[in-house]
Amino acid sequence: MDTDFTREAILQKPVSEGTLRCHVCERRCVIPPGQLGWCRTRLNRGGQLLTLVYGAISTMTANAIEKKPLYHFYPGTKTMTAGGWCCNFPCLWCRNWDLAHADAPLSGEFISPSQFVSIAEEAGCQGIAMSFNEPTLALEWVLHAFQAAQEHGLYNVFVTNGYMTPEALMFLIHAGMHAMNVDINTDVALARRYLDGVDMERIWMNCKIALQYGVHVEISTLVIPALNDDEGVLRGIARRIAVELGVDIPWHLAGYVPSYKYNAPNTPLYTLEMAWEIGKGAGLQYVYINQQGNRHENTECPNCGSLLIRRLGPLVLSNVIRNGACPRCGTAIRGVWG
């Protein structure tokens, strides 16, 4: 049975007779009547901008908060994570390409925000998360889900490429977004070459805004052979995290496997270890290699070196942080520990 996922879109402004500009992501598409925006989730129908993906959930699963990855935000808790359709990035290496590069769905099961929150509670989750594709494109639904989750005492997480407009970001913050994991995989030159004109400065700016409003932020970088595994690129990312966001912002390093239209070999461990050394050399206190069994998936005190959180992949084996601090030396550990 066909389901109508269309709703009136927010953050739209007229440009000329019947033509509208979308202000949800930083592409800020100008959309004539009858046309779609770059992401294929926004349609100008007769001078009214519609979202085509309200309640269109492509995948849903309950898993550990560590899988977002978020290591300094309620460790050991469980989230109900939802994904939608489409993306505003054209990444050749996309791991969820079947969702991100699909056409906006016109059929399927509709899940309302309140239904989603009920599903999360029934599964024993402490929070909800938006991930898998770029969740900014489902902004209207996400805002309602975040508000419903807050009313039920659940936390809200956003896993994103960070390329929303400041206007959209403020909507998310005011709706109760508690934490973001932001993917930063490229520098300015690589974004120009591979991401169809994405302005990386907008992503860094959004990270700063989120931090200013008390949102917990962690950064992830997928280290991709022959693309961003150059020492210069990785040093640039690490340096910007340290200088512009803070030395205590967690940086996650993940290994690439061949995906979609990019066929380089898997990221070797020595490259991830090199990236880890670069992060520490830039002064970052919490640099992680997201690889099960790797010694760098644990959290150590940046002052005395004590083992604070021991992990095995998404499992928290031990956590001795007390009142947000190292129990041995008293150093405050950035995070939301609950």
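Read-outs throughout are calculated quantities, based only on the coordinates presented, and are distinct from any laboratory measurement. All figures in this text were calculated on a predicted structure; none of them were measured in a lab. Here Cβ is always computed from backbone atoms with ideal geometry, including for glycine, and neighbour counts include all displayed protein chains.
Compared with the direct C-alpha span, the chain from R95 to R21 gains 23.7 nm at full extension, assuming 0.36 nm per residue. Sorting the segments 178-184, 91-97 by their residues' average number of neighbouring beta-carbon atoms within 10 angstrom, most packed first, yields 178-184, 91-97.
The charge dipole of the stretch 58-199, taken about its Cα centre with unit charges on the Cβ atoms of Lys, Arg (+1), Asp and Glu (-1) only, comes to about 340 debye. When each of the peptides 35-43, 322-330, 54-62 is scored by how many other beta carbons lie within 10 Å of its residues on average, the order from highest to lowest is 35-43, 54-62, 322-330. Restricting the calculation to Cα atoms, the stretch 178-291 shows an Rg/Rh of 0.95 when the hydrodynamic-style radius is the Kirkwood one.
Reported value for the stretch 1-140: 116 Å³ per residue, from the convex hull of its C-alpha atoms.
With a Cα cut-off of under 23 Å and a minimum spacing of 8 residues unless on different chains, the lysine pairs in the stretch 59-297 number 6.
Extension gain, R193 to L36, is 54.2 nm, computed as 0.36 nm per intervening residue step minus the present C-alpha separation. Note on the stretch 59-297: the alpha carbon radius of gyration divided by the globular reference 2.2 N^0.38 Å gives 0.98. Helical content alone sets the calculated 222 nm signal of the chain at -7000 deg cm²/dmol, taking -39,500 (n - 2.57) per DSSP H segment of four or more residues and averaging over every residue. Placing unit charges on the Cβ atoms of the charged side chains and taking the dipole of the chain about its Cα centre, the candidate lying farthest along the positive direction among I321, G76, T186 is I321. Need one word for the stretch 247-338: rounded, prolate or oblate. Basis is the Cα gyration tensor (sqrt eigenvalues a ≥ b ≥ c); a/c below 1.5 gives rounded, then a/b vs b/c decides. Prolate, because a/c is 1.5 or more and a/b exceeds b/c. Across the stretch 91-204, the fraction of Cα-Cα pairs farther apart than 26 Å, rounded to a whole number, is 25%. Beta bridges from DSSP with both residues in the chain: antiparallel share about 55 percent, rounded to the nearest 5. FRET efficiency for the M170 to R45 pair, using the beta carbon distance and R₀ = 25 Å, is estimated at 0.40. Taking a ≥ b ≥ c as the square roots of the eigenvalues of the Cα gyration tensor, an a/c ratio below 1.5 marks the stretch 7-51 as rounded.
Database remark: amide H of I289 closer than 5 angstrom to the amide H of L253, H296, E297 (H placed geometrically; neighbours at sequence offset of 5 or more, or on other chains; Pro and chain starts carry no H).
Given axes a ≥ b ≥ c from the Cα gyration tensor, I'd like to know whether the stretch 76-129 is rounded (a/c under 1.5), prolate (a/b larger than b/c) or oblate. Oblate is the answer for the stretch 76-129, as a/c is 1.5 or above yet b/c matches or exceeds a/b. Only Lys, Arg, Asp and Glu carry charge here, each on its Cβ (+1 for the first two, -1 for the last two); on that basis the chain has a dipole of about 520 debye about its Cα centre. Take the Cα of M274, go 7 Å toward its beta carbon, and the backbone nitrogen atoms of the stretch 229-247 under 18 Å from that spot belong to 229-239. When the Cα positions of L312, P302, N63 are compared along the charge dipole of the chain, P302 comes out farthest toward the positive end, with charges on each C-beta of Lys, Arg, Asp and Glu. Of the residues Y256, G214, G153, the one whose Cα sits farthest toward the positive end of the charge dipole of the stretch 59-297, with +1 on the Cβ of Lys and Arg and -1 on the Cβ of Asp and Glu, is Y256. All Cα-Cα separations within the stretch 43-112 were binned at 5 Å from zero, giving a P(r) of 3, 13, 18, 18, 18, 16, 7, 4, 2, 0, each value a whole percent of the pairs. Descending by average beta-carbon neighbour count within 10 Å, the peptides 158-165, 10-17, 200-207 line up as 158-165, 200-207, 10-17, the highest first.
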